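**Student:** Input: one structure, supplied below.
The values are calculated or read from the model by the stated rules, or taken from the named source; none is laboratory data. As the structure is a prediction and not an experimental result, all values here were calculated from the model. Methodologically, a virtual Cβ is constructed for each residue, glycine included, from the backbone with ideal geometry; neighbour enumeration extends over all protein chains shown.
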Amino acid sequence: PGVKIQSPISDYLATLVSQNSKDNPGANAAYIPELAAVNSDQIGACITTVDGYVYGAGATSVEFSIQSVSKPFVYALAIEEHGLDWVLKRVDVEPSGEAFNELSLDGEQLPKNPMINAGAMTTHSLIGEGKYSVDERFEHIRKGLSAFAGRDLGVDEGSYKSEIATAFRNFSIAYMLRNYGAIKGDPGDVVKGYTRQCAIRLTAEDLAQMGATLANGGKQPVTGVQVVSPETVRQVLSVMTTCGMYNEAGHWVCEVGFPGKSGVSGCVLGVLPGNLGMATFSPRLDVAGNSVRGVRMYKQIAKEMVLHMMLPP
Ligand code: GLN
């Protein structure tokens, strides 16, 4: 367990990656200069099963910044810290139907869900709210995500600096959130902490491990650490199912049929409960901000391997 192995599954992934590597439409995220410069030919897919076996093909050990795929994990940490009922009073769970970087508040002026930036910045602010400094909050999050991955994760300072220098839109959203009372601390600190959270650096192999921890009821399959409770996982995967792929969440769930979460660095996390965590990496995005070839590989594997959760056994 924990080591990449050769098998018919890795052969399948090699075919999947090679079939999908040819046509490469879309564009790298342009609003974060560091991401715009990433080599867009890279493509990889990795799977970790709930018993810790790792299968991968292509660029599975290339490091990238986690970006929005941090959102479900920090949501999990917030629920563990405060309990679900309390967290639900601060961030709603309705799909927004809008882009990830819209303000998207509900009738009570709560962010609509924790998978969009408004909800994720609020969730970030809930970690040690009123108690932690910016650095302490970030360290708690970094350690928490590391426990999901089963190894100590670092930060891509270049990506942080590049994004924070141009994060005008997230600053605007955070100040609006502060105006509506959704966040309580200094909005600038929340954006800085959230942006550093998005700059946590990892590989597709790490991300598949994080997904496998969710698939395994919150228990890291290789280290054996119970990172979060099964009830927390239930909440996180439910929200990932309805909101993880932004305004493409509906198409995703119909065609892929299990929870997913994308990040603007080109990574996509997939979780098949009780079975496996999966991660793809391919930097070019569609208009919704999801990796084009990543989504394509998930659609293909879901169909060919019959993974859709709503199919009868
Ligand atoms: N750091 C990015 C942002 O806040 C994350 C967005 C994403 O991955 N969709 O804009």
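**Student:** Listed residues Met115, Met121; which is touching a Cys at 6+ places or on another chain (Cβ under 9 Å), closer than 21 Å to Ser265 by Cα and not assigned by TED's automatic domain parsing to the domain that holds Gly211?
**Tutor:** Only one candidate passes the filter, namely Met115.
**Student:** Here's something else I'd like to know. Determine which member of the set Gly289, Gly294 is within 13 Å of the ligand (Cβ to nearest atom) and free of Cβ contacts under 8 Å to residues at least 60 places away in the same chain.
**Tutor:** Gly294
**Student:** Also, quick follow-up: Which of the residues spanning region 5-46 are β-branched (Val, Ile, Thr), part of a helix (DSSP H, G or I) and touching a Gly at 6+ places or on another chain (Cβ under 7 Å)?
**Tutor:** Val17
**Student:** Also: Could you check how many residues of region 1-57 are under 17 Å from Arg296 (Cβ atoms), of a type in the set (Gly, Ala, Ser) and free of Cβ contacts under 8 Å to residues at least 60 places away in the same chain?
**Tutor:** So the answer is 3.
Quick grid of which residues meet (1) under 17 Å from the mean Cα position of the chain (by Cα); (2) assigned to a loop (DSSP other than H, G, I, E, B):
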{"site": "Thr223", "(1), (2)": "no, yes"}
{"site": "Thr232", "(1), (2)": "yes, no"}
{"site": "Ser238", "(1), (2)": "yes, no"}
{"site": "Thr242", "(1), (2)": "yes, no"}
{"site": "Gly270", "(1), (2)": "yes, no"}
{"site": "Met278", "(1), (2)": "yes, no"}
{"site": "Pro283", "(1), (2)": "yes, yes"}
{"site": "Val287", "(1), (2)": "no, yes"}
{"site": "Val295", "(1), (2)": "yes, no"}
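**Student:** Go through Tyr31, Tyr75 for me and flag whichever is within 16 Å of the ligand (Cβ to nearest atom), out of contact with any Asp or Glu (no Cβ under 8 Å at 6 or more places or on another chain), among the hydroxyl-bearing types (Ser, Thr, Tyr) and within 30 Å of Gly218 (Cβ to Cβ).
**Tutor:** Result of the check over Tyr31, Tyr75: Tyr75.
**Student:** Taking Pro1 as the residue in question, decide whether it is within 19 Å of Ala212 (Cβ to Cβ), within 16 Å of the ligand (Cβ to nearest atom) and not hydrophobic (A, V, I, L, M, F, W, C).
**Tutor:** No.
**Student:** Further, regarding this structure: Before we move on, is Val222 touching a residue at least 12 places away in the same chain (Cβ under 8 Å), more than 16 Å from the ligand (Cβ to nearest atom), more than 26 Å from Arg293 (Cα to Cα) and in contact with a Pro (Cβ under 7 Å, 6 or more places away or on another chain)?
**Tutor:** yes
**Student:** Specify the residue that is surrounded by the fewest Cβ atoms within 10 Å (Cβ to Cβ); the eligible residues are those in region 33-61 that are under 17 Å from the mean Cα position of the chain (by Cα) and farther than 17 Å from Val295 by Cα.
**Tutor:** Restricting to residues being under 17 Å from the mean Cα position of the chain (by Cα) and farther than 17 Å from Val295 by Cα, the top hit is Leu35.
**Student:** Only one of Gly158, Gly217, Gly188, Gly154 is touching a residue at least 60 places away in the same chain (Cβ under 8 Å) and either more than 21 Å from Val236 (Cβ to Cβ) or over 15 Å from the mean Cα position of the chain (by Cα) (or both); which?
**Tutor:** Matching residue, one of Gly158, Gly217, Gly188, Gly154: Gly158.
**Student:** Answer yes or no: is there a residue in region 47-70 that is assigned to a helix (DSSP H, G or I), among the aliphatic types (A, V, I, L, M) and closer than 20 Å to Gly263 by Cβ.
**Tutor:** yes
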